[in-house]
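The values are calculated or read from the model by the stated rules, or taken from the named source; none is laboratory data. Quick caveat, the model's predicted, so the values are computed rather than measured. Because the Cβ atoms are built from the backbone with ideal geometry, glycine has one as well, and the counts that use them run over all protein chains shown. Areas reflect the complete protein model, heavy atoms only, side chains present, ligands, DNA and RNA absent. Shrake-Rupley method; radii C 1.70, N 1.55, O 1.52, S 1.80 Å.
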Amino acid sequence: MYRLKLIKFLTRQATRSARTQESNTLHTTNRYQHLLSCKFAKNAQINDLTSNTKLFSHAANITQEKTEQEFLVRLKNDPDTFGDPEEREDVYAKDLEEEKDWSEKTIPLERLRTKQYADIIKALIKQRKIKEAIDVVEVKMIKEDKVKPENYIYNLLLGACGRVGYTKKAFSIYNQMKKRDLKITAGTYTALFNACANSPWPEDGLTRARKLQSIMIEKMYQPNETNYHAMIKAFGRCGDLPTAFSLVDEMASKKVKINGDTMNFLLQACIQDKVAGFRHALLLWRKMVDKRIAPNLYTYNLMLRCIRDCGIGNLDVMNDTLQLILKKDLRLNGGNNKLLLEGSNDGKYVIQNQLQLKTDEENNELLLNENSLVVNQVEQCRPNLMARVPHLGNIISLSEVTKPEDRLLLVGGLRGFLSNMSEKRCTPDIKSFTQLLDCLPGSVAAEKELLREMKQHDVKPDIDFFNMLIKKRSMRFDYENAKAVLDDMKKHNYRPDLITYGVLSLGCKTKDEALELLRDMEAHAYRLNTEILGAMLHQACYHRNFPYVLEIMEISLRENVKPNKKFMECLHDFKKKCKDISNDKENKLSQSAPFQKGFRIFQMRYKTWLDQVEVDDSEDVHPWAQFRDTSRTDSRHYKDKSQRFKARHLSKFKVKTSTKRK
């Protein structure tokens with residue numbers, strides 16, 4: 001800018017000087033006309049022309065003054081220059097800075113369009129590279145390319161942060177949108193509530209969700225169906241069930257459509273109540289039947305989650321719930337559909353005369369423990385609170401409904417639940433049968449019946465189903481049948497994976513069995529990890545097998561397996577229990593010489609082992625460390641206010657430490 005002004009000034013000065021000199025020459029010529037007639041006239045004209053040529057040359061190159069001082073004097077006395085010298089110097093400095101900034105700017109051809117930036121961000125989000133996607137906006141667009149992001153770009157980041165539970169960054173992006181005066185759309189609110197729902201700290205997520213709801217009310221924003229679903233999901237997962245259910249009432253009052261997805265989000269809220277979630281789920285199911293809302297596969301899988309993880313709650317409240325469901329006075333005696341509440345104060349039910357299925361290994365026929373009834377009669381006697389017309393079957397009294405198999409019996413058992421799905425034209429998938437496996441009684445007969453149902457529904461078991469089956473049998477100490485699952489895996493052309501060996505390690509009761517399993521793992525190119533080693537240690541400590549315990553400790557050093565906190569706590573508790581036994585003179589085991597010798601050797605080795613082992617503290621890493629600078633992953637670096645809450649486990653934040661050899 002200043003350079004252009006200077007060139008104009010120099011041009012004007014050169015023109016003015018030329019005109020002045022020309023005028024003076026003409027005046028001199030007229031004044032001394034007689035000299036033109038002399039012999040020197042020709043020489044005089046030549047001298048004048050030479051002088052004018054020199055003047056133009058000097059004006060055009062005025063920047064080449066003899067000294068800088070002469071140039072400044074000429075510039076100061078220029079009538080076209082305004083302002084004090086100090087002001088002109090400030091303007092000059094600002095012009096230089098602005099010129100430098102524009103010269104360093106990215107060439108416009110190197111900038112991308114909004115769609116191109118969006119495609120880059122989408123590709124990174126698809127690869128779960130959240131940090132890199134954020135850097136595209138905050139580093140490349142804003143700092144390097146000097147491009148102002150639109151609300152569409154910010155909404156992409158909000159959606160990504162919401163899905164992985166990066167709550168703090170999501171609200172930080174939201175604040176940036178408000179500072180840039182960008183439009184806050186319905187998708188923005190949906191992404192923010194999803195971030196609250198997936199937060200590692202439910203308390204913090206609930207606080208943010210409530211504040212965001214109040215902002216929407218202040219702005220008089222009318223939520224749409226998607227917004228309501230995200231709000232129900234956020235409040236439900238964070239433990240505020242009353243607010244979640246009140247939002248459905250608000251939807252009804254504002255004539256927002258309530259469909260199966262709405263009920264599914266409410267079922268997610270019921271799952272968070274581990275004490276009485278099953279009772280809430282039953283009421284919600286009956287409401288769906290009354291409103292003629294068709295359930296889908298996702299609905300049935302959520303019901304199975306409630307059956308598996310949630311209880312029935314208080315006795316009196318459950319009694320009122322059953323009265324509401326059956327629309328009868330359940331406290332009356334007599335009849336088949338009567339519920340007798342016993343006078344216990346523990347608030348629990350007991351299912352009496354529950355029919356148990358047994359298997360005859362010779363002919364594989366299902367028998368009943370007392371009356372040898374046929375299967376169809378059993379199905380008629382079972383209660384079913386999820387049926388179109390709910391009933392309690394031939395149950396005489398209820399108490400102690402605490403196990404998943406008891407709650408599954410209240411909804412018709414395995415066959416009753418699958419029949420309900422068939423009536424609603426829903427086909428179960430492998431996830432449905434995997435969850436049903438967790439809800440079945442602990443018997444081989446029930447598990448075989450489940451396999452037959454899978455075959456009838458043309459559902460092929462996967463490797464995860466077999467792993468769950470091995471775990472279920474190992475947890476009830478049925479190690480022989482657990483190992484027999486490996487044969488079924490081979491029939492379906494499945495190769496054992498690392499999780500398979502992890503659940504098989506639960507059944508390694510002796511040192512020899514553990515070493516055999518480790519050799520099998522090495523043959524299949526799998527490396528030992530701390531979870532498998534911890535399962536073996538648990539068995540060794542349970543049986544007080546000191547050589548087994550010492551071998552596990554040595555394996556951790558030899559294989560360079562870093563034990564986690566759970567591993568270390570198991571060893572510490574084992575040492576404490578053995579010490580208590582050793583000091584208890586009345587305990588016969590304390591007088592045993594092998595026990596005293598083994599405990600003494602263990603104490604000596606344990607003391608030196610602690611100095612050699614390196615404990616794995618990866619579980620203490622902040623859940624958001626993977627989305628931040630990789631150079632600073634120490635959890636002490638993060639000073640988030642949300643750290644005052646205890647983080648809940650989410651598979652999305654679990655550090656993946658696959659030890660499978662390639």
Estimated Rh, the stretch 488-564: Kirkwood, alpha-carbon pairs, angstrom: 12.8
Using a 1.4 Å probe on the protein heavy atoms, what percent of the accessible area of the stretch 183-330 belongs to carbon and sulfur? 53
Heavy-atom accessible area per residue of the stretch 111-191, all protein chains kept, 1.4 Å probe, expressed in Å², is 50
Tell me, what ³J(HN,Hα) does each residue in the stretch 308-324 have, in order and in whole Hz, if you take phi through Karplus 6.51 cos²θ - 1.76 cosθ + 1.60 with θ = phi - 60° and put x for Gly and Pro? 6, 9, 10, x, 9, x, 5, 5, 5, 5, 5, 4, 5, 5, 5, 4, 5
Amide H neighbours of residue 412 under 5 Å, counting only residues 5+ apart in sequence or on other chains, H built in-plane at 1.01 Å? 385
Take residue 457 and residue 592, extend 7 Å from each Cα along the Cα→Cβ direction, and tell me the distance between the two endpoints in nm. 4.7
If you roll a 1.4 Å probe over the stretch 396-497 with all protein chains in place, what percent of the accessible area is carbon or sulfur? 50
Listed residue pairs exceeding 30 Å between alpha carbons, taken from 211/291; 562/585; 126/179; 233/431; 122/255; 129/424: 211/291; 562/585; 122/255; 129/424
On average, how much accessible surface per residue is there in the stretch 517-585, in Å², for a 1.4 Å probe, leaving out ligands, DNA and RNA? 53
Any idea of residue 530's accessible area? Nearest 10 Å², probe 1.4 Å. 20
Using a 7 Å offset from the Cα along the Cα-to-Cβ direction at both residue 579 and residue 139, what is the distance between the two label points in nm, to one decimal? 5.1
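Over the stretch 241-291, with the other protein chains present, what is the accessible area per residue in square angstrom, probe 1.4 angstrom?
Heavy-atom accessible area per residue stands at 43 Å².
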Residue 595 neighbourhood, Cβ < 11 Å, K/R = +1, D/E = -1, net charge +4
Once you have the Cα-Cα distance between residue 151 and residue 323, take 0.36 nm times their residue separation minus that, and quote the gain in nm to one decimal. 56.7 nm
For the stretch 118-259, what log10 I(q)/I(0) values come out of the Debye formula at q = 0.09, 0.11, 0.12 1/Å, with one point per alpha carbon and no solvent? -0.28, -0.42, -0.49
Would you please give the FRET efficiency between residue 183 and residue 424, computed as 1/(1 + (r/R0)^6) with r the Cβ-Cβ distance and R0 = 41 Å, to the nearest 0.05? 0.45
Note on the stretch 215-280: C-alpha Rg/Rh, Kirkwood Rh, two decimals, gives 0.99
Alpha-carbon Rg/Rh ratio, for the stretch 184-337, with Rh computed the Kirkwood way: 1.02
